[in-house]
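Colleague: Below is a structure I'd like to ask you about.
Read the figures in this text as sums done on the coordinates, not as results from a lab. What you see is a predicted model; the values in this text were computed from it and never measured. Counting neighbours? That spans all protein chains shown, and the Cβs are built from the backbone with ideal geometry, glycine included.
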Amino acid sequence: MMNLLFRALCLLGEEIAFATNEMLDRAQTETHLFGEYLSKMAEAHSVNDIMTMYTVCGQHQIDFVRRDCERVFAHAQRLIGIWSRLGQGTG
């Protein structure tokens with residue numbers, strides 16, 4: 001029983017570290033995307049340039065969300081595997 005509680009506590013610590021890293025990574029990426037957006041907005045000199053900028057920045061945002069969802073999904077799969085092994089006592 002103590003072994004199970006210890007492993008659960010370790011898993012909780014890992015999850016806190018993961019959440020912290022995810023928040024910092026997301027903030028860094030969002031800051032980078034916003035800087036890129038401002039840079040492209042400053043370069044735009046016509047309506048066509050602005051439309052191109054919105055297309056490119058929109059695609060970057062979609063790619064970011066896709067990668068973010070894939071990363072969270074992979075983490076959830078790993079977490080489910082760990083919890084199932086923890087429940088069986090073989091983790």
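Colleague: Between the range 43-83 and the range 7-40, how far is it from one alpha carbon centroid to the other, in angstrom?
Modeller: 14 Å
Colleague: Also: Given the -39500 (n - 2.57) contribution per DSSP H run of 4+ residues, what per-residue ellipticity at 222 nm results for the chain, rounded to the nearest 500 deg cm²/dmol?
Modeller: -34000 deg cm²/dmol
Colleague: Which option, (1) 50; (2) 21; (3) 55, is the value of percent of Cα pairs over 22 Å apart that was calculated from these coordinates?
Modeller: (1)
Colleague: Same structure again: Can you tell me the 0 to 90 degree angle between the C-alpha axis of helix 2-43 and the longest principal axis of the chain, rounded to 10?
Modeller: Roughly 0 degrees between the two axes.
Colleague: Okay, next question. Nothing charged except the Cβ atoms of Lys and Arg (+1) and of Asp and Glu (-1): what's the magnitude of the dipole of the range 2-88 about its Cα centre? Round to the nearest 20 debye.
Modeller: Its charge dipole is roughly 460 debye.
Colleague: Could you state the angle between the C-alpha long axis of helix 47-88 and the longest principal axis of the C-alpha atoms of the chain, as a value from 0 to 90 degrees rounded to the nearest 10?
Modeller: 0 degrees
Colleague: Select from N21, W83, T55 the residue farthest towards the positive end of the dipole of the chain; place +1 on Cβ of Lys and Arg, -1 on Cβ of Asp and Glu, and compute about the Cα centre.
Modeller: Result: W83.
Colleague: Sticking with this structure for a sec: Sorting C69, C57 on the 10 Å Cβ count, fewest up front, what's the list?
Modeller: Listed from fewest to most nearby Cβ atoms, that is C69, C57.
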